[in-house]
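Below you'll find the structure, written out as structure tokens, and then a few comments.
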Amino acid sequence: MSNPPNVNDLDDRLRLIQAMIAEGRQKTRSWGWSFLLWGIAYYVAIAWATLGHSALAWPVTMVAATLLTVLFAWRSADTTPSTTAGRSIGALWLAGGTALFVFGFCAANSGNVSPQALIAGVEVILGLVNLASGRILCWWTQQVCGYLWTAFAAVSFFVPQQTAGYLFLAAIFLCNILFGAYLMLTEMRTTKTISASGSAHA
């Protein structure tokens, strides 16, 4: 029969969990630019497809955004060892991004899915990934984004197609543009605080 963990063991485990959550939040903050990038990419694709009536708008814009994401991620790669939380978040977004690409590409080109259902499907996937990521990190701001994406998806099924499109634009602004800007600002503040602390100790 194994002995129950003592108070010191529980404290150590709690500190480890808190450190993993903090590291996961820091990793997410460092990816704020990607939320902003994809929000802008969505707007560019929508404007191009609507005003230019081009079938190339979405595939070209999404491929370009993917290449830019890979390039920026490679240039800003962190050399510190990854943690379980960091790997979990990375795997979650990789799976969500893959599902989003496959669903969006196939639904848009098969002709079997209406534009309204396509919008709702994209919102559901983005809601799932943001909500799961926010829950893992115990981060209410990202959970709010997840709930917003999911709420917009639900409403999109019951409103006219044009209204669903407007809701999608609003969701992109709130959950990508605004959230990405928030992450970048908090990252800048954290960096300045760390730099100031280092200078003070020096």
### Message
Take the conditions of a type outside the set (D, E, K, R) and within 27 Å of residue 157 (Cα to Cα) and apply them to residue 49. Does it pass?
### Response
yes
### Task
May I ask you to verify whether residue 186 is more than 12 Å from the chain's Cα centre (by Cα), part of a helix (DSSP H, G or I) and at pLDDT 95 or above?
no
### Task
For the range 40-56, name all the residues that are in contact (Cβ under 8 Å) with a residue 12 or more places away in the chain and more than 22 Å from the chain's Cα centre (by Cα).
48
#### Entry: Extreme residue, surrounded by the fewest Cβ atoms within 10 Å (Cβ to Cβ), among residues of the range 114-154 that are among the aromatic types (Phe, Trp, Tyr) and either touching a Ser or Thr at 6+ places or on another chain (Cβ under 7 Å) or within 15 Å of residue 167 (Cβ to Cβ) (or both)
147
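The values are calculated or read from the model by the stated rules, or taken from the named source; none is laboratory data. These numbers come from a predicted model, not from an experiment. Every residue, glycine as well, gets a Cβ built from its backbone with ideal geometry; the counts of neighbours run over all protein chains shown.
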